[in-house]
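Chemist: Encoded as structure tokens, here's the structure I'll be asking about.
The values are calculated or read from the model by the stated rules, or taken from the named source; none is laboratory data. All of these numbers come straight from a predicted model, not from anything done at the bench. Don't worry about glycine lacking a Cβ; one is built from the backbone with ideal geometry, like all the others, and counts go over all protein chains shown.
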């Protein structure tokens, strides 16, 4: 797909091999404990489906239904490499065309592809031990990792060893915690299966972002240098820091062109909506079905905000994961404010079309979205 004379811009197989070699296997569990954890996650995912759909009043089309897969860390890695490979193909094709097809470039491409493959693998090994669940939107189905039928694909991944690790670390009731996690992830599954245009809209925005990427080597190297200087000098966010101060940029922010900033603003707004909606639903359903939800929420929020240490905080800052934490907070505040003002049915107008999605400014000021969408419609 991304080859030039048999040489790939990114050695994806090496990325998988590197990540699976470096990632830790997860907490120690007996064979019976592992089987029970997997079975319970499947039961909770099924139960969460009814809870989420009843609370949100969102009903997916049966034809758009997507599978729920309980995976280990290597399974999560393979699924994400498949997704990256699919999503990044237009950008890598553009870079391949710019590089040219001479013999020297082919040799450089072979070396560069392996170096990039190792780097991607290292990042994935870091992430694979932290993700509890993920709605995999773009990866094509495979024999080992099936997806929804049709071109859209899609599947929900629950990473069993990470869920077990965190429930032990937080010292919370494992049955309650597993259901609580499933409520959040099932909300994402419901969002994409009940809103048929959402996947294509987000994919289009990401392709627009990638299409504007500044791929001149000198500019890219300079921005990489800035990113690593930020990592080396900052060491992670200060308490109460929201990541917006000077010198606190993530790698994603550093590689932006002016045109990309506009696209990234729209992507940030829709991701804030999706993450905030999932947190709002999780908190709304939780007290009815998760007895220890207050304890779980308090402990999890503290862990989410603190990170595991200085290196973890620095990597989160560099990779833009602190921005994701802000998306949970800001998006949940937006959803809560709109539901309180307009009710759940009024909030659900957000799923009408791309034009009714909130802008980044409206996420910060929900009254602006209500005025634009509801008063205009009325």
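Chemist: Mind checking which residues of the range 120-152 are at positive phi and either modelled with pLDDT of 85 or more or buried (at least 21 other Cβ atoms within 10 Å of the Cβ) (or both)?
Modeler: Scanning the range 120-152 gives no hits.
Chemist: Can you pull out every residue in the range 23-38 that is assigned to a helix (DSSP H, G or I) and over 25 Å from the mean Cα position of the chain (by Cα)?
Modeler: 31, 32, 33, 34, 35, 36
Chemist: Please verify whether residue 189 is at pLDDT 75 or above and either over 20 Å from residue 281 (Cα atoms) or surrounded by 15 or more Cβ atoms within 10 Å (Cβ to Cβ) (or both), treating the condition exactly as stated.
Modeler: It is true that residue 189 is at pLDDT 75 or above and either over 20 Å from residue 281 (Cα atoms) or surrounded by 15 or more Cβ atoms within 10 Å (Cβ to Cβ) (or both).
Chemist: Also, I was wondering about something else. Would you confirm whether any residue within the range 55-73 is modelled with pLDDT under 75, touching a helix residue (DSSP H, G or I) at 6+ places or on another chain (Cβ under 7 Å) and farther than 30 Å from residue 277 by Cα?
Modeler: no
For (1) modelled with pLDDT of 90 or more; (2) surrounded by 15 or more Cβ atoms within 10 Å (Cβ to Cβ), each residue gets a yes or a no:
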{"site": "204", "(1), (2)": "yes, no"}
{"site": "242", "(1), (2)": "no, no"}
{"site": "259", "(1), (2)": "no, no"}
{"site": "276", "(1), (2)": "yes, yes"}
{"site": "285", "(1), (2)": "yes, yes"}
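Chemist: Being modelled with pLDDT of 95 or more, part of a helix (DSSP H, G or I) and buried (at least 20 other Cβ atoms within 10 Å of the Cβ): is that true of residue 338 here?
Modeler: yes
Quick grid of which residues meet (1) touching a strand residue (DSSP E or B) at 6+ places or on another chain (Cβ under 8 Å); (2) within 30 Å of residue 167 (Cα to Cα); (3) modelled with pLDDT of 80 or more; (4) part of a loop (DSSP other than H, G, I, E, B):
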| residue | (1), (2), (3), (4) |
| --- | --- |
| 300 | no, yes, yes, no |
| 305 | no, yes, no, no |
| 312 | no, yes, no, no |
| 325 | no, yes, no, no |
| 328 | no, yes, no, no |
| 343 | no, no, yes, no |
| 355 | no, no, yes, no |
| 369 | no, no, yes, no |
| 373 | no, no, yes, no |
